[in-house]
Amino acid sequence: MRIAIVSEKWTAGATRCARDLQRGLAVRHEVRYFPDATSLDDAEQMAALRAFKPEVVHLHSYYSDLPYSFLAEVAAEFPVVMTPHDPRPIGTMHLKCWNCTEFKTCFRCPMVGQLKRFTFFQHKYYRLRLAKRRIHARLPPATRFVCVSDWMRERIITTEIGRFRVDRIHNGIDMEHYRRVPDARKLLGLPEDKKILLFLAHHKGWILDEHKGADVLAQALTEIVLPKFPDLLVLAVGGGMIPNIPNVRGLGFIGQEHLPKYYSAADVFVAPSLVDNLPYTILEAMGCEVPVVASRVGGIPEEVAEGKTGLLFTPGQPGKRNDSWQELGEKLNQILANDSQARDMGRAGRERVANMFSLPAFVKNYEQVYAEVVR
């Protein structure tokens with residue numbers, strides 16, 4: 001089968017999903033990944049697809065670099081599978097869009113404002129949403145949508161996209177790569193006698209990104225965790241930053257080839273996101289037998305089995321005062337104080353990933369979708 005995969009230049013979770021598919025599919029199929037070394041505009045991308053002549057085109061977060069209308073252009077010429085990794089196909093990347101329940105009409109959009117309700121046709125957010133509705137109306141009935149979480153699928157099917165077939169295929173990870181590394185602390189030069197917490201957020205620049213909840217984690221550490229574990233070492237990997245805490249060691253970006261060592265060195269992995277879909281980091285940590293404390297948002301509860309592979313806390317609403325940091329701190333303390341429970345959760349986490357989030361199953365499920373779309 002000739003398969004074209006179109007994603008985004010920025011190496012976020014959507015790119016990871018697309019690249020994993022490319023590698024897995026290439027064993028049995030002819031696969032072309034876009035963008036390659038050269039960035040293309042929409043006309044150039046269409047020309048490249050016509051030259052490749054794929055039997056199916058799989059679109060990921062192409063809309064980071066190309067107009068959203070590119071979806072309709074491709075679907076007019078090729079069978080299309082579309083994977084929405086975030087709310088942009090039905091909204092925006094704003095925190096309010098991630099948690100909104102008004103995607104069907106966007107009439108009650110909180111970003112429009114109470115005083116503008118009767119002039120919402122002139123508002124930019126409503127105009128964007130209306131334009132996407134028109135694009136979706138142009139799609140052939142055979143267009144297939146695949147979400148990476150049940151959470152995203154439930155949001156998608158309440159909109160006009162619900163007239164298409166919408167499947168769910170969980171992301172998968174390479175279990176051979178993401179496994180516990182013996183003597184990880186020794187290999188990394190980390191102390192053997194300290195508790196270690198790992199926080200990972202791959203974002204551009206050392207910024208406090210509200211999406212990943214670093215500010216909530218900072219307060220939980222300061223007020224709840226560090227008073228009980230004053231020698232705790234916090235490893236912050238990626239571009240996310242936990243501010244003003246001397247226990248934090250910022251490591252910057254770490255390549256995937258080295259990440260298993262950092263996961264294996266940690267006593268607990270924390271993912272305090274205010275919004276998320278199905279983050280790879282949680283699956284990777286579980287694959288390396290690390291217990292997870294994460295927020296109860298998006299598809300995260302589909303990854304973490306509460307009380308078995310980790311613990312979940314409920315974050316507050318974005319932009320509003322809340323005390324979710326207290327629950328987060330208490331959950332972290334519970335795991336840090338109980339080594340036996342942490343080991344059991346770690347082993348159960350790897351077993352859960354093997355059963356539900358393996359890379360071979362991930363690739364095989366998409367192969368089946370492609371075959372159905374081509375037929």
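The values are calculated or read from the model by the stated rules, or taken from the named source; none is laboratory data. Just so it is clear, the model here is predicted, and its values are computed rather than measured. Here Cβ is always computed from backbone atoms with ideal geometry, including for glycine, and neighbour counts include all displayed protein chains.
Determine, yes or no, whether Ala371 is in contact (Cβ under 8 Å) with a residue 40 or more places away in the chain, surrounded by fewer than 18 Cβ atoms within 10 Å (Cβ to Cβ) and under 17 Å from Val148 (Cα atoms). Talk me through it step by step, then tell me what you get.
Details: in contact (Cβ under 8 Å) with a residue 40 or more places away in the chain: yes; surrounded by fewer than 18 Cβ atoms within 10 Å (Cβ to Cβ): yes; under 17 Å from Val148 (Cα atoms): no.
Against the criterion (in contact (Cβ under 8 Å) with a residue 40 or more places away in the chain, surrounded by fewer than 18 Cβ atoms within 10 Å (Cβ to Cβ) and under 17 Å from Val148 (Cα atoms)), Ala371 does not qualify.
Being surrounded by 18 or more Cβ atoms within 10 Å (Cβ to Cβ) and either over 15 Å from Arg88 (Cα atoms) or not assigned by TED's automatic domain parsing to the domain that holds Met93 (or both) is the filter here, so list the residues in the range 126-141 that pass it.
Residue satisfying the conditions is Leu139 alone.
Looking at the structure I just gave you, is Leu21 surrounded by fewer than 22 Cβ atoms within 10 Å (Cβ to Cβ) and in contact with a helix residue (DSSP H, G or I) (Cβ under 8 Å, 6 or more places away or on another chain)?
Values: surrounded by fewer than 22 Cβ atoms within 10 Å (Cβ to Cβ): no; in contact with a helix residue (DSSP H, G or I) (Cβ under 8 Å, 6 or more places away or on another chain): yes.
No.
Could you please tell me which pairs satisfy a Cβ distance under 9 Å, a separation of 6+ or placement on different chains, a first residue in the range 24-41 that is assigned by TED's automatic domain parsing to the domain that holds Lys364 and free of Cβ contacts under 8 Å to residues at least 40 places away in the same chain, and a second residue that is assigned to a loop (DSSP other than H, G, I, E, B) and small (Gly, Ala, Ser)?
Matching pairs, first to second residue: Tyr33/Ser7; Phe34/Ser7; Pro35/Ser7.
Could you list all residues from the range 31-63 that are surrounded by fewer than 15 Cβ atoms within 10 Å (Cβ to Cβ) and part of a loop (DSSP other than H, G, I, E, B)?
Asp36, Ala37, Thr38, Ser39, Asp41, Lys53
Looking at (1) outside any loop (DSSP other than H, G, I, E, B); (2) touching a residue at least 24 places away in the same chain (Cβ under 8 Å); (3) within 16 Å of the chain's Cα centre (by Cα), find the lone condition where Arg19 falls short.
Just one mismatch for Arg19, condition (2).
Considering only the range 258-288, state which residues are over 17 Å from the mean Cα position of the chain (by Cα), in contact (Cβ under 8 Å) with a residue 40 or more places away in the chain and not in a helix (DSSP H, G or I).
Scanning the range 258-288 gives Ala266, Asp267, Val268, Cys288.
Based on this model, can you work out whether Asp323 counts as over 22 Å from Ile224 (Cβ atoms), assigned by TED's automatic domain parsing to the domain that holds Leu200 and surrounded by fewer than 22 Cβ atoms within 10 Å (Cβ to Cβ)?
No, not satisfied.
Answer with yes or no whether Glu306 is at pLDDT 95 or above, assigned by TED's automatic domain parsing to the domain that holds Asp339, surrounded by fewer than 21 Cβ atoms within 10 Å (Cβ to Cβ) and acidic (Asp, Glu).
Taking the combined requirement at face value, the residue satisfies it.
Return the only residue of Asn338, Asn365 being surrounded by 15 or more Cβ atoms within 10 Å (Cβ to Cβ) and either over 22 Å from Cys17 (Cα atoms) or outside the structural domain of His211 (by TED's automatic domain parsing) (or both).
Result: Asn365 is the single residue among Asn338, Asn365 that is surrounded by 15 or more Cβ atoms within 10 Å (Cβ to Cβ) and either over 22 Å from Cys17 (Cα atoms) or outside the structural domain of His211 (by TED's automatic domain parsing) (or both).
Given the criterion at pLDDT 95 or above and either of a type in the set (Ser, Thr, Tyr) or in a helix (DSSP H, G or I) (or both), identify the matching residue among Leu198, Leu217, Leu226.
The unique qualifying residue is Leu226.
The rows are residues; the columns are (1) farther than 24 Å from Pro260 by Cβ; (2) assigned to a loop (DSSP other than H, G, I, E, B); (3) at pLDDT 95 or above.
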residue: Tyr125; (1), (2), (3): yes, no, no
residue: Arg129; (1), (2), (3): yes, no, no
residue: Arg133; (1), (2), (3): yes, no, no
residue: Val146; (1), (2), (3): yes, no, yes
residue: Thr158; (1), (2), (3): yes, yes, no
residue: Arg180; (1), (2), (3): no, yes, yes
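Regarding Pro315, is this residue modelled with pLDDT under 95 and either under 22 Å from Pro230 (Cβ atoms) or buried (at least 16 other Cβ atoms within 10 Å of the Cβ) (or both)?
For Pro315, the condition - modelled with pLDDT under 95 and either under 22 Å from Pro230 (Cβ atoms) or buried (at least 16 other Cβ atoms within 10 Å of the Cβ) (or both) - is met.
Restricting the search to the range 229-246, which residues are among the aromatic types (Phe, Trp, Tyr) and either modelled with pLDDT under 90 or farther than 14 Å from Lys194 by Cβ (or both)?
Of everything in the range 229-246, nothing turns out to be among the aromatic types (Phe, Trp, Tyr) and either modelled with pLDDT under 90 or farther than 14 Å from Lys194 by Cβ (or both).
Tell me which residues, restricted to the range 351-360, are surrounded by 15 or more Cβ atoms within 10 Å (Cβ to Cβ) and either touching a helix residue (DSSP H, G or I) at 6+ places or on another chain (Cβ under 6 Å) or of a type in the set (Gly, Ala, Ser) (or both).
Within the range 351-360, Val353, Phe357, Ser358 qualify.
Filter the range 142-158 down to residues that are free of Cβ contacts under 8 Å to residues at least 60 places away in the same chain, in contact with a strand residue (DSSP E or B) (Cβ under 9 Å, 6 or more places away or on another chain) and not hydrophobic (A, V, I, L, M, F, W, C), then give me how many there are. Let's see the steps before the verdict.
Looking only at the range 142-158, we keep the residues that are free of Cβ contacts under 8 Å to residues at least 60 places away in the same chain, and these are 153-154, 157-158.
If we keep only those that are in contact with a strand residue (DSSP E or B) (Cβ under 9 Å, 6 or more places away or on another chain) as well, we get 153-154, 157.
From the residues that got through so far, the ones that are not hydrophobic (A, V, I, L, M, F, W, C) too are 153-154.
So the count comes out to 2.
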